[in-house]
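For reference, the structure discussed in these notes is given below.
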Amino acid sequence: LTLAPLTLQLETLGNDADTPPLKLILDGPVNGQGSLNLTVMGSAKQGMVADIKAQQIELSPLNSYLQSIAKVALLDGNLDLDGHLEYRSVATPQLQFTGEVAINQLVLNSQIDDLGLLKWRRLGFKGLNFTYPNGRLHIKEISAIQPYARIVIEADKTLNWAKLAVNDSKPSKPGPPLLITIDALRIRNG
């Protein structure tokens, strides 16, 4: 990702015990079309608080990561994010994220036959609230605008999606369960 020109502002940078919390503000365009604004405040004692606003962050740089786990090609898509992150380092680190996320104009093709596999105009998540370590994710609303998925039952009664996995990876040990609550799911023109 290209972040240029980049504006970075630091306040109260110091290592004395009585130094007030650090404040960092980062602002700039991303890849010439998107934008990122990040404000971070915190200290080792108090933890960290961050406000993140990102618009039209291109997702194509994630293509190589996706191809390491699945036979897919990410042709298009961008990310919008507006959120608040809090991190506290106590006996057990605690993390909370609240905000909204949207993935726009996603196009994902199968590398097996180069046909469209998954796409949508917008997939939005409103009222996100994620907490760690208790593993809870609450979403007030998921809205899908013009979603499309190509799902084919093959002659051997398997789904076309089953053939997309890259077999190089070993199964990982399952972690603690994540409790997910979704209040509403809205699909428009799908």
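The values are calculated or read from the model by the stated rules, or taken from the named source; none is laboratory data. For clarity, every value in this text was computed on a predicted model and none was experimentally measured. Heads up, the Cβs are rebuilt from the backbone with ideal geometry, glycines too, and the neighbour counts pull from every protein chain shown. Ligands, DNA and RNA are excluded from the accessible area calculation, which covers all protein heavy atoms including side chains. Shrake-Rupley method; radii C 1.70, N 1.55, O 1.52, S 1.80 Å.
List of remarks:
- In this Cβ point-charge picture (+1 for Lys and Arg, -1 for Asp and Glu), the range 90-190 has a dipole of about 260 debye about its Cα centre.
- Listed residues D114, D27 arranged by accessible area, highest first, probe 1.4 Å: D114, D27
- Measuring between their Cα centroids, the range 108-172 and the range 1-58 lie 31 Å from each other.
- Averaging the sequence gap over all C-alpha pairs within less than 8 Å and six or more residues apart, then dividing by the number of residues, gives the range 13-71 a relative contact order of 25 percent.
- Quarter of the Cα convex hull surface for the range 113-190, i.e. its orientation-mean projected area (nm²): 7.8 nm²
- Pairs beyond 18 Å (Cα-Cα), from K71/K119; K71/K126; K23/K53; K71/K163; K23/K45: K71/K126
- Electrostatic tally near G127: other residues with Cβ closer than 12 Å to its Cβ, Lys and Arg +1, Asp and Glu -1, net -2.
- Using a probe radius of 1.4 angstrom, the carbon and sulfur fraction of the accessible surface of the chain is 57%.
- Modelled label positions at L115 and I25, each set 7 Å beyond Cα in the direction of Cβ, lie 5.2 nm from each other.
- Positive contributions from Lys and Arg (+1) and negative ones from Asp and Glu (-1), summed over other residues with Cβ under 14 Å from the Cβ of I145, come out at +4.
- In this structure the amide hydrogen of R150, modeled in the peptide plane, comes within under 5 Å of the amide hydrogens of L118, none closer than 5 places in sequence on its chain.
- Karplus (6.51, -1.76, 1.60) ³J(HN,Hα), θ = phi - 60°, over the range 52-58, in Hz, Gly and Pro reported as x: 10, 9, 10, 9, 6, 7, 5
- With K and R counted +1 and D and E -1, the other residues having a Cβ less than 13 Å from that of E58 yield a net charge of -2.
- Per residue, the range 82-155 exposes 57 Å² of solvent-accessible protein surface, assessed with a 1.4 angstrom probe and all protein chains in place.
- Relative contact order [Cα under 8 Å, 6+ residues apart], the chain, whole percent: 14 percent
- Whole-Å semi-axes of the ellipsoid equivalent to the chain (Cα gyration tensor, √5λ, descending): 36, 21, 18
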